[in-house]
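The values are calculated or read from the model by the stated rules, or taken from the named source; none is laboratory data. No experiment lies behind these values; they were computed from the predicted model shown. Virtual Cβ from ideal backbone geometry, glycine too; neighbours counted across all protein chains shown. Remember, those area values only see protein heavy atoms, side chains included, never the ligands or the DNA or RNA. Shrake-Rupley method; radii C 1.70, N 1.55, O 1.52, S 1.80 Å.
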Amino acid sequence: MRRVPVLLFLAWICLLFYAGIGIFMSGFLLMRIELSQQSSCLDELVPRTRAGGETSDSCWMDRRFRRVVIVVIDALRYEFARFDPKNLNPKPYENRLQVIHQLISSQPHHARLYPFKADPPTTTMQRIKGITTGSLPTFIDVSSNFASYAIQEDNLIDQLVQNGKRVVFMGDDTWDGLFPQKFFKSYFFPSFNVKDLHTVDNGILRHLLPTVDGGEWDVLIAHFLGVDHCGHKHGPDHPETAKKLSQMNEMMRSLIEHLHNDTLLVVIGDHGMTDTGDHGGDTEKEVTAALFIYSKTALFRDRLLEEPEVVPQVNLVPTLALLLGIPIPYSNIGEVMADVFSWDDTHRDSSGSQALAYQINARQVNRFLHSYSQAAEDLPVEKLRHLEGLFSSAADSYNQLMSEMQEKPGSILNLEALLQQQTRDLQHYLREARAVCTASWARFHPLRMVAGIAIIAATCLLCCVISEVPMELEILYRSLLLSLVVWGMSVAAFLSFWQWATSKETELVLICSWAAAISQLSFLWQVWKMRSKRDSVSGSRWLRRSLSMKQRLLMVVKWVLPMTILFFRCCAMFSDSFLVAEARVVPFLLQSLSILVLAKLHWSGKLIMPGWATSGLPVESHKPSPIPTYRRESLHLLGLLMSFQFCVLFSAVFHSCRDEIPGCESSPFLTPLSSLQNVQTKNLSYGLCVASLVAIIYLIRSWLRHYGNLNSSSPLVLFVRWGFPLIAVWISCYWAISSGIEDNMAKLQEIIQVALVACPRAVCGLVALGLFVALWNPMTVFVQDSRESTEHIVTAYQGIPNSEADLRHVIPQIYRKMQKSLKSRLSGADEDDKATVAAYGLGSVYSAALVIVLSLLIFFLLMLHSEGMSLAFLLLLVEGFILLQLHGCAVKLSAASDGSEHFLVPWDSVTAWAFASTQFFYSTGHQPILPAIHWNAAFVGFVDGHGSNLLPAFLVGANTFASHILFAVGCPLLLLWPFLGESSSSRKRKAKKDWRDGEVEEELPVMEMRLRECPEKFSAALLQLALKYLFVLGVQLLACVCAALILRRHLMVWKVFAPKFLFEALGFVVSSSSLLIGIALVMRVDCAVSTWFKKLILAQPR
Amino acid sequence: MKTYPGELGDIQEKDIMKDIEIMSMASVHFFCVLSIILSAVVPAFLLEKFSVLGTHLTWLCICSVSVAAVNIIASVVLKPNPSPKRNSLSHKVTRFLKSCLYFMISCLLFHTIVVLYGAPLLESVLETFLFAALLSTFTTLRCLCLLGLNLQAWIRVFSKNGAMSIWDSSLQITTVCSIVGAWLGAFPIPLDWDRPWQVWPISCSFGATFGYVAGLITAPLWIYWNRKQLTYKSK
């Protein structure tokens, strides 16, 4: 038995996967930390020079407009808004917004049209975030609260509301999710149905003009969706687009007629669209939206001569804020638009106000960068230092200028030029600051993504190949492991040194992935070298090749079935509809797989009694019976299959909902008991939960009893006997207290608070104790030593056990002896004279330990979920058991007459096992979206919250990936179970052959001890099983990763694909590490069994 | 049809027999396909507002009935299964009743399986049941026609090397094709295309029908292609 090399090899494979995930993630997931600080009126960024501002309700800078109307036309591309009079044959989307053109040409000082550059991802929600916070939205804006989509950062709407502006909103209901309860008045319309062109727009048009005329507003936002939906449905090049744009044109025309002189009109597109009408990515057509500004008072000093400059979207935030006289949102990195601040004021020169605006803006950005670099370290330090230098020089010269101006006003000759120089400096600073932020927050790295995919794919291939090569190759991993580690480490060291030498900063992810790739290559090279060497030595190359060709063909046939199902599963990752419906898709595939396995067994005639010949040519010698009769097992198998299907069907009861599926209702079991109003239902469901808890314990104990693992007095068995009920009592106490907090128990409030903390901690402590005991002494074997001094337990052996080979010979002998004595004891026979040592439950010692650990984990995970989920865990246990039984039966039926095939776990079972883990991810009430995470889990046993982030992350992670953990730890059971099934059948055979007394002894079941008989095969089988499981998981991960790469410009990427990738990747990490734990546990049991046998032999009297 | 070319020795005759058999099977299959096509086309002239999508349930009934009729007629004409020894009227009636019972049981079984696979349990029971009936027509009814009530023969046919005549092979192919087609038909249901044929059970019954038709077409071709390899042992 090779324990350490197997574990190390698996760990190496896992690390390869992790490196791939890591490098992909660094290229795909854009991350930024949200700051919670808010700007306020009282922050004096630039000391006000003028005494007594005439408008008391202005902050930071005097306001220019009292009111503003912001019209957001979703997906208004710049080309849509431009008007080209020379174009006589316009496309449906060209030359439709005449009103803009008319205003620009007739009133050049009042109106202007800009290209409005969006930062990718160009999806509406991210763009709204950008337009209101002035920051770059990324996939994960790490903030205090994941649970809702609401914007936590300081933003324009918040600032408006805080400064007493009345904000009225109408249109897309995405804003409701982002700014809940912020609006003075709002008219939301559903944005969900992309096919619906008119509901939102007509709704807005109904309310727009009456609201404008009503005057009860300071800021009015109208978000039209028609153009965008039209693009999705028909594409831009369609008459419907023309109609929609003409409608917008009319809307603007009538809106402008209703505006007052103190009102600013801003018409923006949040993003553009491609020629097919999609958006989300970063192509020129998607990011170039339109920005149109108009006011009835003159706004611009100069006539526009050439093409207007491109305005980045974030620039709108500081511009609007200063124009309205409110503070700029704290995290804004936009730059004010110089044009708008260059008006001709009577008492103030234009450059002065421009410079002031820039000064305020720059100080705000500088403050933000300062706070951000304290909170996070993802901005490069040198760049920050450089920016700091730019800023301080500009600020100093400004201060100097201002003080000079105050001392002797009018004395500076070239004030205008100096101010303009100032403005230019600050502009430079602001643009560089934005560029630095963009570079680290909002850019995909396709190269890294592809590299990550390549590493994951290569590792999958490696898993597949190694798990399929015959056992002889298992010597490989031992001799190769050292060189792998050496190669990987040396490359990592070299790279880190090189990076440190060249740029003084090291990137861990990059180094890890390089190391992974190199060590993988070195592995492949060495395998190849070794193989060719061996081939040349053995000389029987041709023979082997022809044999392996045949074997390979056989293998392919074996593969087809599970691989097709797996392929379907992977394909489903590429469609957002299938991902949304994944909770139904996986059970469907799982059911199909189980039925197909049975159909395959039937097809190959394994279910029918062997007497009836189904193999091609009729056997002449003994006449085959004309009636095929089914084996008894096949009926059993059919029953198992039916109950499995029912389990899978029933597991759908526990699903929670995602908001993409209309009319879906989350499972009632997900709501905690404390929120139930009706006392009777509460009691009833509490009873149900406790009953299911009791059922779990009963099932586990009866399983252990059935295999005789509950007789010993070892600490572990004692723990199962007494600790399990104790855990159940604590858990049910906890449920009772947490669900029954009522007002009438005010006196007991303190006790309840203590109990709410104490109960879960007691459970945790008991579970930890149980795990410790299981690791310390995993033997659950009851030994009854009734031998007499003269008799040896081993008859065949005469001598001193001095070598490994002797021991190996001895062990089965002992075991058979024990079994025999056990048999005779059970049958109540008194002729006990030969019995020596009886070991109860030795045949299931491996799986007993695993089952005990699994049940401990179930208790812990169950406590983290809401009470109703205990039913789901009961179902998980039952379904896992049925799946194992099915697998055991199938293996037994399809195994060739020799037991060698028991060591190979078929792909069907491994795939089904992996699917079941995904199925129960959904059936424990989870969904792969961030708002669906069960955050309450962090407060089980910690009512007042936590000091650090580590513990809550662990608790929430354990809650989310509960089924991944359980199924991965239980994965070795797939190898062990077929051996367990051996006992009953052999017993039957024994009964048949009772008359031949001599053969009885040989037929006695050896069960899992068969594994011990060939330890090399055992370790190889464990390795192969683990690799197969990793392959199945890895292929799913690979599909998910590929989908994220290919569809990174998809509309749903931030809503569906990216979260799915995140959950899949984390799930993989959790699963693989749990798998390692499971394998390690089996090896620990193996260790314990070895020492136990050694002790037994040494204790034997000579 | 009643004698199988077993150890006759005469290869020539064997081949001719086989070709004739394949031809007769192909013609039966052709009529089956024709009945399916007609069931989609003809009722439009007879019934008002008939369309395969709009009045799907009507089409399901018509299609099942017509396919069943063709199969039964073919089995009466060709008699591919060896007729039982006793051939009195009462035996015929009991056989017929038993067949009906088997058919009903298979409908219920298919219904259960479909529900287990995630079809709605309480809503649209009629749709589910008619779909199950269609599947039974494509699979069980053919078995009944070709193999009779002999369940052992059913077990034999659906296992490896169990086919004893080209009819058995064709049975294998069409049954598997229609079930796989129905299975594949479930795939488009979750997609958000909002097409009328994505409604339960239309896509599945279409899948089953297309699978069945594909099976009917491929079975003679495949058997013809592999007629050298196919050696059916005689009873």
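Please give the average number of partner chain Cβ atoms lying within 10 Å of the Cβ of each residue in B:154-161, rounded to a whole number.
Averaged over the peptide's residues, the number is 6.
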Expected vector for segment A:848-858, Karplus 3J(HN,Hα) from phi with 6.51, -1.76, 1.60 and θ = phi - 60°, integer Hz, x for Gly and Pro, equals 4, 4, 4, 5, 5, 4, 4, 5, 4, 4, 4
Spacing of the two label points (7 Å from each Cα toward its C-beta) at A:Asp302 and A:Trp528, in nm
6.4
Helices from chain B with mean Kyte-Doolittle at least -0.5 and a Cα length along the axis of 30 Å or more, per DSSP H: which?
B:11-41, B:56-78, B:89-116, B:202-225
So which of A:Lys129/A:Lys165; A:Lys1028/B:Lys160; A:Lys529/A:Lys1060; A:Lys117/A:Lys1060; A:Lys165/A:Lys1060; A:Lys558/A:Lys1094 end up more than 31 Å apart by C-alpha?
A:Lys529/A:Lys1060; A:Lys165/A:Lys1060; A:Lys558/A:Lys1094
In segment A:215-305, which GluC sites (Glu not before Pro) fall in coil by DSSP and have 14 or fewer other Cβ atoms within 10 Å?
A:Glu216
What does the structure give for B:186-194 when I average, per residue, the other chain Cβ atoms found within 10 Å of the residue Cβ?
5
Quick one: accessible surface of A:Met31, probe radius 1.4 Å, all protein chains present, in square angstrom to the nearest 10.
90
Please list, in order along segment A:396-405, the HN-Hα scalar couplings obtained from phi with the Karplus expression 6.51 cos²θ - 1.76 cosθ + 1.60 (θ = phi - 60°), rounded to whole Hz, x for Gly and Pro.
4, 5, 5, 4, 4, 4, 5, 5, 4, 5
Pop out a list of residues from segment B:91-126 that are at least 40 Å² less accessible with all the protein chains around than in their chain alone; 1.4 Å probe, no ligands or nucleic acids counted.
B:Leu116, B:Tyr117
Mind giving me the nanometre distance, one decimal, between the label points for B:Val93 and A:Arg424, set 7 Å out from Cα along Cα→Cβ?
11.1
Can you give me the distance in nm between label points at A:Gln677 and A:Trp935, each placed 7 Å from the Cα along the Cα-to-Cβ direction?
2.6
What relative contact order, as a whole-number percentage, does segment B:11-225 give when Cα pairs under 8 Å and 6 or more residues apart are counted?
24
Once phi is turned into θ = phi - 60°, what whole-Hz ³J(HN,Hα) does the Karplus curve with 6.51, -1.76 and 1.60 give for every residue of segment A:170-184, x standing for Gly and Pro?
9, x, 3, 7, 4, 5, 5, x, 7, 10, x, 6, 9, 8, 5
Where a ≥ b ≥ c are the square roots of the eigenvalues of the C-alpha gyration tensor, would you call segment B:11-225 rounded, which needs a/c under 1.5, or, failing that, prolate if a/b is larger than b/c, or oblate?
prolate
Taking chain B and counting helices only, DSSP H stretches of n ≥ 4 at -39,500 (n - 2.57) each over all residues, the nearest-500 ellipticity at 222 nm comes to -22000 deg cm²/dmol
Selection from B:Ile16, B:Thr128, B:Trp193, by position along the positive dipole direction of segment B:11-225 (Cβ)
B:Ile16
